[in-house]
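S.K.: One structure, as structure tokens, below. Some questions next.
The values are calculated or read from the model by the stated rules, or taken from the named source; none is laboratory data. Since the model is a prediction, treat every value here as computed from it, not as a measurement. Positions of Cβ are generated from backbone atoms using ideal geometry, with glycine treated the same way; all protein chains shown enter the neighbour counts.
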Amino acid sequence: MKKMIAILSILTLLMISTGCSSSETTVTPDSGTETTDDNDEENPEPVDSDGDGITSNVDPDDADACNPNPDDPNCETTGADSDMDGTPDDDDPNDNDPCVPNPEAENCDTTPTPVDNDMDGVNSDTDPNDNDACDPDPSHERCNPEISGTEYSGAEEEGVVCGVEGAQTTCDLNSVCCVSVDIGTISLVGDCTATSDCSGGFLPNFAFQCDDNLECGENQECCVTASGTSVTDIEADSTCVAAGTCAAPSSVSCVNSEECGEGWICCAPDTSSFNVSLPLDIGVCIQGDSCEQQ
């Protein structure tokens, strides 16, 4: 019996020394050994790896300080691409324009913004001729078909040639040609005057400051308007403007078609639709190859 008790005691000591008693070991308080639990490895203590103030147990991405709060002070935007052109903000000279620096970027749209050069209410992306206010709508208020009579060829003169054919006077450079309605003959007459104020009477009067570029200064052009549907509904004048700024419904003056350039023709204003003639020796550039009315 004593031998049996001794054997059992030895076996017990062996089991304790090899740790076979349990996966959970508890030692007496005076031994100094801590209690361990397998669950500690499965449920680690929450941390805040990205420093965004949100611990790992609730942070959707604890390695990204911008998630879930992109305004967090620790959020780094390095690598962001605001205009989505493939070039990061830090390297992009204009991160509001996807065409800079690469105009071939997939997000770059080089389609030009539609404009309305002839001011006829139809933008250039749908207007068949954005330099002609009569196309596509000849009834538009900006349409000026009267500037389309016969091809004009003349000569430059210093001063406006004023008056009806056969009774013309060349005004001096300090004068303008005032065009007004003669009630007696229901016709237009022209007179040179030293003032540009041609107002007076109950019908409109119009001032022509120039009939070619000789009356204008350097880097200027003579811009002419002539339109209307009746003798009492005429809009006509000419003035010197900065070169390249004369726009529809007005037209640049000319002395021949060569002066107008390729694709344009120099025409005498045609006022036959209201049975009067302009008392001027003048031509204007219109686009096309014919002065026939539109």
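S.K.: When you scan region 152-164, do you find a residue that is among the aliphatic types (A, V, I, L, M), in a loop (DSSP other than H, G, I, E, B), at pLDDT 80 or above and within 16 Å of Val224 (Cα to Cα), even just one?
M.R.: yes
S.K.: Quick one: would you say Val241 is among the aliphatic types (A, V, I, L, M), surrounded by 20 or more Cβ atoms within 10 Å (Cβ to Cβ), in a strand (DSSP E or B) and at pLDDT 80 or above?
M.R.: It is false that Val241 is among the aliphatic types (A, V, I, L, M), surrounded by 20 or more Cβ atoms within 10 Å (Cβ to Cβ), in a strand (DSSP E or B) and at pLDDT 80 or above.
S.K.: Restricting the search to region 171-197, which residues are over 18 Å from Val224 (Cα atoms) and not in a loop (DSSP other than H, G, I, E, B)?
M.R.: Hits for region 171-197 are Val181, Asp182, Ser187, Thr193.
S.K.: Filter region 98-125 down to residues that are farther than 30 Å from Asp81 by Cβ and polar (S, T, N, Q) and give me whichever is modelled with the highest pLDDT.
M.R.: So, considering only residues that are farther than 30 Å from Asp81 by Cβ and polar (S, T, N, Q), the one modelled with the highest pLDDT is Asn123.
S.K.: Out of all the residues in region 92-114, which are surrounded by fewer than 12 Cβ atoms within 10 Å (Cβ to Cβ) and under 26 Å from Gly288 (Cα atoms)?
M.R.: Pro112, Thr113
S.K.: A follow-up question, please. Suppose we filter Cys192, Cys223 for residues that are over 40 Å from the mean Cα position of the chain (by Cα) and at pLDDT 90 or above; which single one remains?
M.R.: Just a single option satisfies the conditions, and that option is Cys192.
S.K.: Can you tell me which condition Asp270 does not meet? The list is (1) acidic (Asp, Glu); (2) at pLDDT below 85; (3) not in a loop (DSSP other than H, G, I, E, B), and all the others hold.
M.R.: Tallying (1) acidic (Asp, Glu); (2) at pLDDT below 85; (3) not in a loop (DSSP other than H, G, I, E, B), Asp270 fails exactly one: (3).
S.K.: Is there any pair linking a residue in region 106-129 that is closer than 15 Å to Pro249 by Cβ and polar (S, T, N, Q) to one that is surrounded by 15 or more Cβ atoms within 10 Å (Cβ to Cβ) and at pLDDT below 80, with Cβ under 8 Å and at least six apart or on different chains, and which?
M.R.: If the second residue must be surrounded by 15 or more Cβ atoms within 10 Å (Cβ to Cβ) and at pLDDT below 80, the pairs left are Asn117/Asp130; Asn117/Asn131; Asn117/Ala248; Asn129/Asp118; Asn129/Asp135.
S.K.: Something else: Looking at region 154-169 only, could you name the residues that are surrounded by 15 or more Cβ atoms within 10 Å (Cβ to Cβ), among the small types (Gly, Ala, Ser) and on the phi < 0 side of the Ramachandran plot?
M.R.: Answer for region 154-169, where residues must be surrounded by 15 or more Cβ atoms within 10 Å (Cβ to Cβ), among the small types (Gly, Ala, Ser) and on the phi < 0 side of the Ramachandran plot: just Gly154.
S.K.: Here's another thing I want to ask about it. Considering only residues of region 62-78 that are surrounded by fewer than 14 Cβ atoms within 10 Å (Cβ to Cβ) and charged (D, E, K, R), which is modelled with the lowest pLDDT?
M.R.: The qualifying residue modelled with the lowest pLDDT is Glu76.
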